[in-house]
Amino acid sequence: MKRTSILAAGLFAAALTAHAGEKAGLASYDTDSNGQVSKAEYVAAKTADGKTTAAEAEAKFTKIDTNADGAVTDAEYTAAKAAWSKSKDKTTPES
């Protein structure tokens, strides 16, 4: 029984460590819980740690808000993350 408890505690600690490095998702930016993120919500979230300026956050918001309606939906955010990830992929298929 003691071995099971130690194993469970170790697995729990590993899961917490893995989760700690994750970045906040779009839902955490949605402070009014309306299902979309306004420019003000996005800028506030991105500038909170002081690493991003308001101008940088606004420029990024404009890129993510592909339909220019002033709000970012989960679909727009997911598409932007996928495009960013694809542009970061430096591998090329072998000919």
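The values are calculated or read from the model by the stated rules, or taken from the named source; none is laboratory data. The structure displayed is predicted, hence computed values, not measured ones. Cβ placement follows ideal geometry from the backbone for every residue including glycine, while neighbour counts extend to all protein chains displayed.
For segment 62-83, which residues satisfy the criterion of being more than 13 Å from the chain's Cα centre (by Cα) and either of a type in the set (Phe, Trp, Tyr) or within 17 Å of Gly35 (Cα to Cα) (or both)?
Asp65, Thr66, Asn67, Ala68, Asp69, Gly70, Ala71
Right, Thr62: outside any helix (DSSP H, G or I), out of contact with any Leu (no Cβ under 9 Å at 6 or more places or on another chain), modelled with pLDDT of 95 or more and not small (Gly, Ala, Ser) or not?
On the way: outside any helix (DSSP H, G or I): no; out of contact with any Leu (no Cβ under 9 Å at 6 or more places or on another chain): yes; modelled with pLDDT of 95 or more: yes; not small (Gly, Ala, Ser): yes.
So Thr62 does not fit the description; no.
It is to be established whether one or more residues within segment 69-79 are of a type outside the set (S, T, N, Q), out of contact with any Asp or Glu (no Cβ under 9 Å at 6 or more places or on another chain) and in a loop (DSSP other than H, G, I, E, B).
Taking segment 69-79 as the starting set, the residues that turn out to be of a type outside the set (S, T, N, Q) are 69-72, 74-77, 79.
Adding the requirement that they be out of contact with any Asp or Glu (no Cβ under 9 Å at 6 or more places or on another chain) leaves 69-70, 74-75, 77, 79.
Going one step further and asking which of them are in a loop (DSSP other than H, G, I, E, B), we end up with 69-70.
Yes, the conditions are met somewhere in segment 69-79.
How many residues are exposed (fewer than 13 other Cβ atoms within 10 Å of the Cβ) and more than 16 Å from Gly25 (Cα to Cα) when one looks only at segment 41-61?
Matching residues across segment 41-61 total 6.
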